[in-house]
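So the structure is just underneath, and the comments pick up after that.
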Amino acid sequence: MKIIKNIIIIYITVLYTINVYSQKSNYNKFLSEFPIATYSSLTGNGWDSFYQRNSSLWITADTTNYKIYNKKNGNDILHCIEKTNNKDKEIFIFSNIRNTEIKSDSIVFSMNVLIPDKNNILDIYISNESFSHHSSFKTNNKWQNCIIGIPNNYTDGNTSIKVCVAAKLFNNTDKIYLKNIDLHENNIKDTDNRISQENINDHEFDTSSRISFPSDNINDEHVKRLETLCLVWGFMKYYHPDIRSGKRDWNYDLLRMLPTVFNANSYKDFCRELDNSIPLNSININNNYKNKDSIISQIRKNWINPRKLGKRLYKRILPMNTYGCTDNHIYCVGFLQGDNEEMNEKIVYFPNETSYNNISVEDAGYRILALFRFWNMMYYFHPYMYQKEKQWIKALPDYIRMFAKADNKKDFDIACTLIANALKDTHTEIYGQETNVAGTQIWNTHYLPFDFKLIHDNRLLVMKPLTKEAEKCNLKKGDYILRVNGKRIKDIRNEKLKYSNFGKTSLDQYDDAYASFTGDNVTYTIKRGGKKMNVTINDFRKYWGTFTTENIDTIKTIDNDILYINLAKITFDRLKDVLPTAKNKKGIIFDMRGYPDRWNDTRRAIADFLYPQQQTVWNYAYADLQNPGTFRINKHKGIFGKGNSDYYKGKTVVIVDGMTMSAAEHIAAIIRKSPNGMSVGEPTGGVLGRVSYAPFISGRAMRFTGTGIYLPNGECTYPDGIHIDKEVYPSPMDIGNNIDGKIKTAVNIIKNE
């Protein structure tokens, strides 16, 4: 089943908490223990993520298929993760450590890892509010030393470090061992000279905004003023020289401005008072400054007009917008300082922005701050905002009303989900919520153990039963579901779409949810063999039982002269060995419906094998920090391949669909760009850029696409993803006959049929 359809709605069980002392390098005492497994439930209403936890603890998620225990090895205590059945799921063990006394330049996480069983993977993540780092470890019969670190963001005197261990084991009884787990401080020189680190001595609102307003009956005039405040406050945050340089806590200044919304006698007075709240500044026109990189996209900012702002405020903003910024310091935005490749790509991130974990969502002022800050982060720094600017501004009044009313955790979680998913960015994921919004708002309480596929937005194709009991159900492979209890599939999806980050039908991974229902029984209106009929399933529980297993080929030869490679299943080490053996094959089918192993190594190995010489596959677009809202073409490009006269000269076909996202799209684009390359399947995710993170408040945060990707001809890869040469969708006939139509089409292309 698809990853998103396997969301486990988890009751969080706190295993234990340990005080983390301020003594240097004492974190290893805390991390030297390993958790007992918690439990999961398909009907719960809470889940969490390691990115924004608020207390010092280890917790585990979705341990249904794993056992965790300690094992003595001489004087060492080994922490063993063992798979207990063959269901294809991962286990996550994550932690958040807070300590206000940390003053080091970096935080380092380390452990020893032993992965004796074939093809298993262990991923280690460490992050804070500003940085993240990730490493993968695979099969090795010797202990491997894992060391990863991040720069420490401690400018607000409150540090939060998150660590995640994610294990993926493929076979029953496979094991991974860990020992010498340690988290410690380190001192390195800060290499990010763009970011001002001034210490702002402003603590007026550290515990509360002290603001309340009539959230239940906020009127249209209040909303109009709040909308203008959001636009002006956000613009000044990124354009005003004193605010950019970090001389003021502009977030706290917003809390000082909010009473004006409700106290000003008229909209004109409000605009005047808003102008008075902005620090005086002069415009520095630097004719010597010029960014020579080509502009690829810009937001229009048509709201900058005297009718909206009044003449006085308009005259303040217009020259800032016209001339941009000439300084190199911007306190609240920067480029991620990761490895060389990440730095070259200029991934936007937001240093010096706290997640305000200690603030309750009941605080009205901070809820408005959360909205205004996030809305402007995306407005100026989402790489594809220029495509949706009009809708983003138009929806702002609705967001204001929504966040004004969201004075409890559930409503606040829903509000954060709705605004984040309005971006329709497939990378979007919300962290730190106590409410599983997707699980409670998209799914009904009951569903059948079938795999469904949404086709053309208006029907579900029954792909396969998932249990032996479901094979006896009146619902059959190849059936089209048109209605659920009389309600059209299209109407069901339209109602649920606002809770989903998937804008396109081909990407939608909630298709199973559209067949869910309440009660013990359900009636589906189906189309089978060209005939419409109603099928009623009584007592859905009897179809849940023994899950069936499906053997999916990793590598196979078709008709002796075509090699099939499943890039979502094969390990990188095996891929390296297999590619040279394909030199004399007529064609290669690369199946990229999923996520690749060691994606960076994989994409470069495939390019070196397929390309006769280096070539640019795509261009990166980065945010111009002197002109926020503008993205420029990066001199650093997506260049792959090498001089290779012995490159593969047969036909190459890459199979893609809605599960081809992010790094998988990189590989698909590289294969398609080869001399005899083609793509077959359905539209891909449209999210080739690396991810970044943005906070809300109270521990909530989200991720989004942090860089833009364009083809050399200027074509944008969002929202449609890589170009599809031959679109192929599953058909009832193929499904009924157990035929993969995409593979069949790829074979025919290679054979010229």
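Readers should treat all values here as calculations from the given coordinates under stated rules, not as data from a laboratory. Everything numeric here is computed off the predicted structure, so don't read it as measured data. So basically every Cβ, Gly included, is an ideal-geometry build from the backbone, and we count neighbours across all protein chains shown.
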Which of the aspartates and glutamates could a cross-linker bridge to Lys118, judged by Cα under 12 Å and excluding same-chain residues fewer than eight apart? Asp174, Asp573
Per principal axis, descending, Cα span of segment 440-543 in whole Å: 34, 31, 23
Do any of Lys394/Lys490; Lys83/Lys472; Lys179/Lys424; Lys315/Lys410 go past 32 Å between their Cα atoms, and which? Lys179/Lys424; Lys315/Lys410
Obtain the nm distance between the two label points defined at Met533 and Lys118 by a simple spin-label model: each point lies 7 Å from its Cα along the Cα-to-C-beta direction. 4.5
Given Cα pairs under 8 Å that are at least 6 residues apart, what percent is the relative contact order of segment 555-750? 20
By counting other Cβ atoms within 10 Å of each Cβ, how are Tyr331, Tyr125 ranked from fewest to most? Tyr125, Tyr331
For Lys409, list the lysines whose Cα falls under 23 Å from its own Cα; do not include residues on the same chain fewer than 8 positions away. Lys162, Lys496, Lys498
Percent relative contact order for segment 493-627, counting Cα pairs under 8 Å at least six residues apart, stands at 14
Charges at C-beta only: +1 for Lys and Arg, -1 for Asp and Glu. How large is the resulting dipole of segment 618-753 about its Cα centre, in Debye rounded to 20? 500
Residue order, fewest to most surrounding Cβ atoms within 10 angstrom, among Met659, Met343: Met343, Met659
Stretchable slack from Asn145 to Lys468, in nm (0.36 nm times residue separation minus alpha-carbon distance): 111.9 nm
Separation between the Glu727 and Asn408 pseudo-spin-labels, each 7 Å from Cα along Cα→Cβ, expressed in nm? 4.4
Using 19 Å as the Cα-Cα cut-off, could you pick out the over-long pairs in Lys67/Lys168; Lys651/Lys673; Lys468/Lys569; Lys453/Lys487? Lys468/Lys569
Would you mind giving the average projected area, over all directions, of the Cα convex hull of segment 555-750 in nm² with one decimal? 13.6
Over segment 580-655, what is the relative contact order in percent, taking alpha-carbon pairs closer than 8 angstrom and at least six residues apart? 45
